[in-house]
Amino acid sequence: MAANKAVPYALGAAGLGAFLGIWQAAPSFGFISSALLPKPSDIPAAFVAEIKSGLWVDAVRLSLEHYALGLLCGAFAGVVLGILTGMSARFEWTLAWVVRVLRPIPGLAWVPFAILWFGVDQPAAIFIIAIGVFWIVFFATQGAIRAVDRDLIEVADAFGFSSGFDRLRKVMLPAALPGILVGLRTSLGQAWMSVVAAELFGVAGLGQRMTQASSLLATDIVVVYMLTIAALYGLMDTLFLAIQGRLLAYRP
Amino acid sequence: MSADAIITIRDLALAFEQNGVRNEVLRHLDLDVPRGQFLAIVGSSGVGKSTLLRVLMGLSAPSVGTVTVRTTAGTERAMALVFQDARLLPWRRVAANVSFGLEKTGLTKAERRDQALKTLASVGLREHGDRWPHQLSGGQRQRVALARALCIRPEILLMDEPFSALDAPTREALQDELIRLWQSQGITVLFVTHDIDEAVYLADRVIALGGKPGEVRSSLAVEVERPRRRGAPSLSFLADRVKADLAAEADHHDWVI
């Protein structure tokens, strides 16, 4: 059967259409109160109102700052420590129990400390987001570095790149890149979850605006921000895939 | 000790620890490799052939004995190694793979690429510099691996069963190409293989390692004029002698047990 290129798009549109249709039908036919679930047809008006008031732009700008900085700090720390523990057994043994103690603590559990250390301010939100990102990138990087083909490391040795730094630079990092990118991509989504959570306790941004709206039962506004997050995530993930495609262009 | 030997090995023994047990793979090895010689080392697997190359490269230390390498340049880059599998770096294009070893030198990127393309041309892959390794056939990949080794202009080329994973026609083409490159560049080649016919066809001298731990069972000069003809009676005769030397020792070994 000749694969028609339009088929995936058509099915995707149909799926989304059906989803919106059921969503619209549920409150319209009284299956559920529209106070509990706003109709999709109400959303555009709520969106326009949020934009006009300037609240949307501010919330998105602030949240994007938290997101970007949290992602950057968490990913950087995750890559560095992942490389170190991946390359050095001694370093890994040293940190093994520290990791076991800290790993299961959810990002939200750090909120009291984040507030104490950074106040109810942007750095607190960035800290919470960075923690979530850190673990994902750390484990992905450590695993990818350890999985580097020994034969390729031998090539580095044979051509004189036998110091740890040279091996890393010439062979291990490029070889581990696909695995590290998987971790980074996972953390793109994880970081948005943390953004909302980190802003629940009062740092200005999308999460704070959603909390305000939900306490006023303005569910349509809550949905506006849910869809905003979805759109931003979709944009980032698409962008990430494009960059990843360039970085991994060598693969068949 | 002959004065023109580029490699001198005296009473070398190689061993490694495995699960706390000392495993001796090679012992009592004495070897002089004259500059420019094509030396083949044959022997079954586990006899320490690959380990010997690693020691020569300085990647492993010998347990006992000395290895002296007398290169004129006196630099560490005087030796290059070709593995059984090509081991190209998949994220580098072919030309960047070939120039890999030059990144230790002070050459600029343009100079490195220039030298890489020239070397690629010498192995018949002039047009392939901008391809990815996965776009090449097995034989082409092994040519690239050979070019990567030759690109640093080594005085000694170490080859660890470099053609054993290739199909027969490709293997024969690469053997002849290697001979041509060796003759034109005046390098010393240490060629490890388990294929005795290949060793006799290629080399000036064949050393056969046998036993456990491995020892030299046979050392034979191949004084057959080049270009040689594959399967010529003079070569078959020598190959049979090497095989007989190794087989005699195997029988002897059975008796000892």
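The values are calculated or read from the model by the stated rules, or taken from the named source; none is laboratory data. Fair warning: this is a prediction, and the values are worked out from it, not measured in the lab. Note that each Cβ is placed from the backbone with ideal geometry, even for glycine, and that neighbours are counted across all protein chains shown. The accessibility values were calculated without ligands, DNA or RNA, using every heavy atom of the protein model including side chains. Shrake-Rupley method; radii C 1.70, N 1.55, O 1.52, S 1.80 Å.
Summary table
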read-out	value
Cα gyration tensor shape for region A:44-247, rounded if a/c is under 1.5, else prolate or oblate	prolate
5 angstrom amide H check on B:Leu26, placed H, neighbours 5+ away	B:Leu14, B:Gly214
Share of carbon and sulfur in the accessible heavy-atom surface of region A:44-247 [1.4 Å probe, %]	72 percent
Residue among A:Glu154, A:Glu65, A:Glu50 with the largest mean-square fluctuation in a Gaussian network model of chain A, springs linking Cα atoms under 10 Å	A:Glu154
Residue pairs, from the table B:Lys49/B:Lys212; B:Lys212/B:Lys243; A:Lys170/B:Lys49, whose Cα atoms sit over 21 Å apart	A:Lys170/B:Lys49
Residue-wise HN-Hα coupling along region B:5-11, computed from phi with Karplus coefficients 6.51, -1.76, 1.60 (Hz; x: Gly, Pro)	6, 7, 10, 10, 10, 10, 6
Heavy-atom surface of chain B, accessible at 1.4 Å and reported per residue (Å²)	46 Å²
Area hidden from solvent between B and A (accessible, protein heavy atoms only, 1.4 Å, total, Å²)	1900 Å²
Average Cα contact separation per residue, chain A, under 8 Å, 6 or more apart, as relative contact order %	24 percent
Size of electric dipole in chain A: Cβ of Lys, Arg +1 and of Asp, Glu -1, about Cα centre, debye, nearest 20	400 debye
Sorted largest first, extent of the protein assembly as shown alpha carbons per principal axis (Å)	97, 55, 50
Mean-position separation - Cα centroids, region B:1-48 and region A:169-226, in angstrom	60 Å
Over chain B, relative contact order from alpha-carbon pairs under 8 Å, at least 6 apart, %	24 percent
Residue-span extension gain [A:Val7 to A:Arg246] - 0.36 nm each, minus C-alpha spacing	83.4 nm
Magnitude of the charge dipole, the protein assembly as shown, Cβ model with Lys/Arg +1 and Asp/Glu -1, debye to 20	880 debye
Relative packing of peptides A:169-176, A:37-44, A:57-64 - highest average C-beta neighbours within 10 Å first	A:169-176, A:57-64, A:37-44
Cα centroid of region B:88-146 to Cα centroid of region B:196-247, whole Å	33 Å
Point-to-point label distance, A:Ala35-A:Ser53, nm (Cα→Cβ direction, 7 Å offset)	2.0 nm
Two-site FRET efficiency, A:Glu92 against B:Arg228, from Cβ-Cβ distance with R₀ of 41 Å, rounded to 0.05	0.15
Average accessible surface area per residue within region A:44-247, 1.4 Å rolling probe, Å²	49 Å²
Residue-span extension gain [B:Asp11 to B:Phe237] - 0.36 nm each, minus C-alpha spacing	78.3 nm
Karplus (6.51, -1.76, 1.60) ³J(HN,Hα), θ = phi - 60°, over region B:163-171, in Hz, Gly and Pro reported as x	10, 6, 8, 9, 6, 4, x, 5, 4
Within chain A, helix-based [θ] at 222 nm, where runs of 4 or more DSSP H residues each add -39,500 (n - 2.57), nearest 500	-25500 deg cm²/dmol
Chain B: angle of helix B:233-256 to the longest principal axis, Cα-based, in degrees nearest 10	50 degrees
Among B:Arg205, B:Arg131, B:Arg35, residue whose mean-square fluctuation peaks in a GNM of chain B (springs only between Cα atoms under 10 Å)	B:Arg131
For region A:103-154 versus region A:54-99, the gap between their alpha-carbon centres in whole angstrom	4 Å
GNM flexibility winner over chain B from B:Leu202, B:Leu26, B:Leu59 (Cα, springs under 10 Å)	B:Leu59
Most positive-pole-ward Cα, A:Ser53, A:Ile229, A:Cys73, against dipole of region A:44-247 from beta carbon charges	A:Cys73
Residue-wise HN-Hα coupling along region A:231-242, computed from phi with Karplus coefficients 6.51, -1.76, 1.60 (Hz; x: Gly, Pro)	5, 5, 5, x, 5, 4, 5, 5, 4, 4, 4, 5
Region A:62-152: C-alpha pair distances exceeding 22 Å, %	34 percent
Electrostatic dipole magnitude of region A:143-252 [Cβ: Lys, Arg +1; Asp, Glu -1; Cα centre; debye, to 20]	140 debye
